Each structure stands twice: as C-alpha cells, then as structure tokens.
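The values are calculated or read from the model by the stated rules, or taken from the named source; none is laboratory data. Just so it is clear, the structure is predicted and the values come from calculations on it, not from any experiment. We place every Cβ from the backbone using ideal geometry, glycine too, and count neighbours over all the protein chains shown.
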Amino acid sequence: MSGVAIGTLNAKYATSHERRVAASGMLNLVEVKVLPAMELYRFAREAQSHTWYAASWWFGKSAYDALLQYAKSSREGLSEAARRCLAVPPPSAMDLLVPVRVLKPLSAWSGTPKTLRLKDERGRYVERQEPDRAITQLYIPGLDPRRAQGTCLPWRDVFAPRPPSRIT
C-alpha cells in the first residue's frame with residue numbers, strides 16, 4: 001500500500017504479499033482506509049469462535065444492506081444470498097453473522113468478488129458462479145494469525161464486537 005497505510009494500526013502488514021492474497025479473491029482492488037466507528041460484518045462458523053474476529057475478509061454496512069435486500073427479494077436465506085453474491089465456495093460454513101465496530105484506522109483493500117469456478121473430484125471445472133459485482137468486500141491485512149508472518153494484530157485492539165446472530 002502507499003499513502004493509505006500511513007497512520008493506520010495495521011500499516012506494517014500492508015505488504016505486496018498481502019495485496020496478492022486480497023487479489024486472489026477480489027477484482028478491481030482499491031486501497032482504502034477503514035475508519036473508527038464504521039460497522040463491518042463477516043460470516044463465520046458458530047463452532048469456530050476463535051476465528052470470528054481474527055480474520056481478514058469483511059464487508060461494510062452498504063454491502064450488508066444489499067445482501068439483506070437480495071435475500072428478501074429472492075426469498076433466500078441470508079447465508080445462501082451471501083454465498084451467491086460474494087461467490088463463497090460451498091464447503092465454507094456460514095451459520096453466523098459477526099458484526100463489529102471499528103476502533104482505530106485500518107488499511108484495507110476493497111474490491112468486487114472474483115468469479116467462482118468449482119471443480120469436480122477429477123479437477124475439471126464443472127460450475128461457474130458469477131458474484132454480484134455491485135457488492136464490495138474488504139481485505140484487512142494483519143488480523144488473521146494463519147496469514148500474518150510473525151505476530152498479528154490482536155482483534156481486541158481493532159474491533160468492538162457486537163452480538164453475533166445465527167443465520168440460515
């Protein structure tokens with residue numbers, strides 16, 4: 001990241017490697033600063049509470065509102081609507097919506113989800129899933145202990161959690 005990273009809590013994690021990780025799941029990457037008081041959301045697996053907040057993939061309030069509207073108009077559950085609009089692969093469990101309020105400025109990349117191409121057991125492409133290009137995601141480097149080289153930011157320094165809710 002360039003100038004966006006200056007003055008953010010996670011500036012040292014905004015490396016070219018992390019940008020490539022963000023680019024692996026999104027198109028049209030834009031450097032952004034996530035500001036205090038912003039509401040962010042992510043989907044998680046209820047059984048894995050240790051990963052609810054320690055993750056790099058998030059989306060903002062406008063994306064959340066768009067997902068709710070899509071779910072309502074298509075008569076789908078929020079989990080299914082999110083899977084379709086954000087191109088989330090089927091094995092990923094999404095039974096919980098995790099909301100937070102941002103506490104300190106953070107560097108991030110924003111973009112639209114990439115097309116999902118599913119393979120069969122032989123490695124052949126069998127399905128192509130086009131996401132909703134109007135919905136953007138965020139990749140916030142330095143929060144996921146599985147990706148951070150060395151130590152990562154403690155999520156408690158970054159987010160004020162709000163009560164998660166079960167989704168269908």
Check: Considering the stretch 115-168 alone, what residues qualify as being touching a helix residue (DSSP H, G or I) at 6+ places or on another chain (Cβ under 6 Å) and on the phi > 0 side of the Ramachandran plot?
Finding: Gly142
Check: Any idea how many residues of the stretch 135-168 are touching a Ser or Thr at 6+ places or on another chain (Cβ under 8 Å) and loosely packed, with under 14 Cβ neighbours inside 10 Å?
Finding: 1
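Among the listed residues Val32, Val21, which satisfies the condition of being part of a helix (DSSP H, G or I) and in contact with a Ser or Thr (Cβ under 8 Å, 6 or more places away or on another chain)?
Val21
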Notebook entry, point to check: Among (1) touching an Asp or Glu at 6+ places or on another chain (Cβ under 6 Å); (2) surrounded by 14 or more Cβ atoms within 10 Å (Cβ to Cβ); (3) at pLDDT 95 or above, where does Lys61 come up short?
Noted result: (2)
Checklist line | Complete set of residues in the stretch 104-140 that are of a type outside the set (Ser, Thr, Tyr), closer than 15 Å to Ser24 by Cα and modelled with pLDDT of 90 or more | finding: Ala108, Trp109, Gly111, Pro113, Lys114, Gln137, Leu138, Ile140
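Name the single residue, out of those in the stretch 39-84 being in a loop (DSSP other than H, G, I, E, B) and either polar (S, T, N, Q) or touching a Cys at 6+ places or on another chain (Cβ under 9 Å) (or both), that is farthest from Trp155 (Cα to Cα). Reasoning before the result, please.
Of all residues in the stretch 39-84, those in a loop (DSSP other than H, G, I, E, B) come to 45-48, 52-56, 75-77.
After this cut, where a residue has to be either polar (S, T, N, Q) or touching a Cys at 6+ places or on another chain (Cβ under 9 Å) (or both) as well, the list is 48, 54, 56.
Values: Gln48: 15, Ala54: 6, Ser56: 10 Å.
Step by step, filter the stretch 39-84, then rank; the result is Gln48.
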Check: Among (1) farther than 18 Å from Ser16 by Cβ; (2) not in a strand (DSSP E or B), which single condition is Pro141 missing?
Finding: (1)
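Could you list, in sequence order, the residues of the stretch 153-168 that are assigned to a loop (DSSP other than H, G, I, E, B) and at pLDDT 85 or above? Walk me through how you get there before you give the answer.
First pass over the stretch 153-168, keeping only residues assigned to a loop (DSSP other than H, G, I, E, B): 153-154, 158, 162-164, 167-168.
The answer is Leu153, Pro154, Val158, Arg162, Pro163, Pro164, Ile167.
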